[in-house]
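This report refers to the structure that appears directly beneath it.
What follows draws every value from the coordinates through simple rules; no lab data is involved. This one's a predicted model, so the numbers in the text were calculated from it and none came from an experiment. Reconstructed Cβ throughout: ideal geometry from the backbone, glycine too, with neighbour counts over all protein chains shown.
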Amino acid sequence: MYDELTEVDIKKMEEEIAYRRDVLAPRLLAEMSRTRAFGDLSENAEYKEAKREKRRNEGRIRYLLNMIRTARVIEVEDTDRGDGRVALFDWVVIYNEAMGKEKRIQIVTTLRQDATKGFVSKESPLGSALMGRAVGDRVKVEVNETKSYYAVIRSIEKGEDNEDLPISAY
């Protein structure tokens with residue numbers, strides 16, 4: 001399955017790759033060289049940590065390159081039907097019946113999700129349940145095979161692809 005990403009997502013990933021290759025990688029390599037001089041590598045915690053950070057950086061670069069390679073680029077306009085239904089980047093107020101609480105969320109691409117801050121992926125159980133639905137709709141959110149809950153859409157505010165919204169760290 002391909003991730004559906006916007007041009008902004010691709011641009012942000014390319015910028016992060018450039019930063020990690022051109023700025024961070026040389027720093028991490030210098031740190032490895034510096035800590036290597038501390039002595040016996042089998043007992044050198046600083047060197048092991050520097051090496052771990054270097055590997056994490058390389059792994060993140062590989063992850064981002066793979067995301068770009070396998071992405072299906074979508075136009076934001078293609079997701080907005082103009083009919084008052086939930087679309088990508090819309091702000092949605094939902095009432096979670098199980099919790100008895102309202103919550104305001106924004107529907108975003110997978111790459112920019114951060115549920116703790118209210119950014120919910122359109123591919124997540126909640127996001128996919130909301131996409132294409134209208135104010136007043138009661139949707140069933142299937143978290144997994146045994147857990148589900150109902151949410152009611154209270155309001156929809158049209159949103160847009162915000163370049164300031166960061167991509168997820170991992």
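Too long at a 24 Å Cα-Cα cut-off: which of Lys12/Lys122; Lys101/Lys147; Lys117/Lys158; Lys101/Lys122; Lys12/Lys103; Lys12/Lys117? The partial results should precede the final answer.
Details: Lys12/Lys122 19 Å; Lys101/Lys147 18 Å; Lys117/Lys158 18 Å; Lys101/Lys122 21 Å; Lys12/Lys103 28 Å; Lys12/Lys117 19 Å.
Over 24 Å apart, Cα to Cα: Lys12/Lys103.
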*Please identify the longest segment of the chain free of exposed trypsin sites (Lys or Arg not before Pro), where exposed means a DSSP state other than H, G, I, E or B and no more than 12 other Cβ atoms within 10 Å.*
1-80
_What do you get for the angle between helix 25-36 and the principal long axis of the chain? Use alpha-carbon atoms, 0 to 90 degrees, nearest ten._
40 degrees
*Dipole in debye (nearest 20) - the chain, about Cα centre, beta carbon charges: Lys, Arg +1; Asp, Glu -1*: 620 debye
*Based solely on its DSSP helices, what 222 nm [θ] is calculated for the chain when runs of n ≥ 4 H residues each add -39,500 (n - 2.57) and the sum is averaged over all residues, nearest 500 deg cm²/dmol?*
-11000 deg cm²/dmol
_Cross-link reach list, aspartates and glutamates versus Lys51, counting only Cα pairs under 17 Å and skipping chain neighbours closer than eight places_ = Glu31, Asp40, Glu43
*Taking the Cα atoms only, what angle lies between the long axis of helix 7-19 and the longest principal axis of the chain, rounded to 10 degrees?*
10 degrees
*the stretch 29-112: chymotrypsin sites (Phe, Trp or Tyr not before Pro) in DSSP coil with no more than 13 other Cβ atoms inside 10 Å*: Phe38
*Identify which of the listed values of Kirkwood radius over Cα pairs in Å was calculated from the structure shown: (i) 16.9; (ii) 16.1; (iii) 18.4.*
(iii)
*Picking from Ile10, Leu24, Thr70, whose Cα lies most toward the positive end of the charge dipole for the stretch 4-73 (charges on Cβ: Lys, Arg +1; Asp, Glu -1)?*
Thr70
